[in-house]
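This report refers to the structure that appears directly beneath it.
The values are calculated or read from the model by the stated rules, or taken from the named source; none is laboratory data. Every value quoted in this text rests on a predicted model; they were computed, and no experiment measured them. Don't worry about glycine lacking a Cβ; one is built from the backbone with ideal geometry, like all the others, and counts go over all protein chains shown.
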Amino acid sequence: WQCLLSDNGKVLLEAKIEVLPSEFTQAWPKLLPMVLGGIAGLVLFTVCCAFCVKCWHRRRRAERMSQIKRL
């Protein structure tokens, strides 16, 4: 950035500032795949848990039905 303060063509104040990109901006290309991978892993874990619970309930129901048939 360059800031120039002048009056009638006469330079009163001149400042130059170099702005560097933040560490977050530099880390973004590495951070995005990590975040997406974490989200995908969480979704897969949730689906797996739901599937296991569904199978467990189905097995329990089958056990109850077989006990009723034995009586």
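Data for the structure
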quantity	calculated
Inter-residue pairs, beta-carbon under 9 Å, first under 30 Å from GLN2 (Cβ atoms) and modelled with pLDDT of 90 or more and in the range 16-42, second exposed (fewer than 10 other Cβ atoms within 10 Å of the Cβ) and of a type in the set (Phe, Trp, Tyr), 6+ apart	LYS16/TRP1
Qualifying residue in the range 9-24 (condition: part of a helix (DSSP H, G or I) and either surrounded by 10 or more Cβ atoms within 10 Å (Cβ to Cβ) or within 20 Å of the chain's Cα centre (by Cα) (or both))	yes
Single match in CYS48, CYS52 (criterion: more than 22 Å from the chain's Cα centre (by Cα) and surrounded by 10 or more Cβ atoms within 10 Å (Cβ to Cβ))	CYS52
Test for ARG70: is it exposed (fewer than 10 other Cβ atoms within 10 Å of the Cβ) and of a type in the set (Lys, Arg)	yes
